[in-house]
Amino acid sequence: MTNRIMSVALILLTATACASTATPPADTAPDPSAQAAPAPPNGSILPAGTDLRLKVKDELDPARIRRGDTFTATVVEPLVAINGEVAIPDGAVATAMVTGISTVNGRVALRINFLRISVKGVYHPFTADIRDSQAGVIAAGEQRAEIAKELGPGPGAIITLASGTVMPAGSELTVRNRDTIELRQN
């Protein structure tokens, strides 16, 4: 009986420890001071925490886009592994969805959720936080909490644009992926 109780306690303790180290929910803001992951050891993995520079393919006009609209962005510079293999080539395509849009304090707020990335013709699940934007301001801290409340529940990073402006085609975003991805080959 004592062994059974000890086994159950150990399982509960392990489950609690695992839950506390899980990936944060998609509606939480990234830690701006966190360092990016180092280059992967080889081209078959994209470690969690890796930064990628993306270029938005089409203009994002808040007057025309709606919740549920998708857009694509291409990788600007390749991610090269320590062994010299290319893990993510330039031109790889990331797909994102607008999961919320609203006007808050005179600015347009967009919640953007990355869905997948196509690497060498193979789609991989891809979740990422926007770390930097050439065209908008990344919402953080109390401002992010206020905007998130206005947008309602949903996954994604929040970026704001001045009212009446657009995110032009070719705008660059720096994103940090949330989860490690095994890059399958064709």
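What follows draws every value from the coordinates through simple rules; no lab data is involved. Treat the numbers as computed from the prediction; the structure is a model and nothing was measured. All Cβ positions, glycine included, derive from the backbone under ideal geometry; neighbour counts span all protein chains shown.
Using the Cβ atoms and a cut-off under 13 Å, what net charge is assigned to the surroundings of Ile45, where Lys and Arg are +1 and Asp and Glu are -1?
-2
Where does the charge balance sit around Thr72 when Lys and Arg score +1, Asp and Glu -1, over other residues with C-beta under 11 Å from its C-beta?
After counting each charged neighbour, the total is +2.
How do the peptides 63-74, 109-120 rank, highest first, by the average count of neighbouring beta carbon atoms within 10 Å per residue?
With the highest mean Cβ count within 10 Å placed first, the list reads 109-120, 63-74.
Please list the non-local residues whose amide H lies under 5 Å from the amide H of Phe114, H modeled 1.01 Å from N, same-chain partners needing a gap of 5 or more.
Correct list: Met97, Ala128, Ala157.
Tell me, what ³J(HN,Hα) does each residue in region 129-146 have, in order and in whole Hz, if you take phi through Karplus 6.51 cos²θ - 1.76 cosθ + 1.60 with θ = phi - 60° and put x for Gly and Pro?
9, 7, 9, 8, 9, 6, 10, x, 10, 7, 6, 9, x, 4, 4, 5, 4, 5
In the P(r) worked out for region 25-182, what percent of Cα pairs fall beyond 19 Å?
Roughly 50 percent, rounded to a whole number.
If you take every residue apart from Asp179 with its C-beta less than 14 Å away from the C-beta of Asp179, what net charge results, scoring Lys and Arg +1 and Asp and Glu -1?
+1
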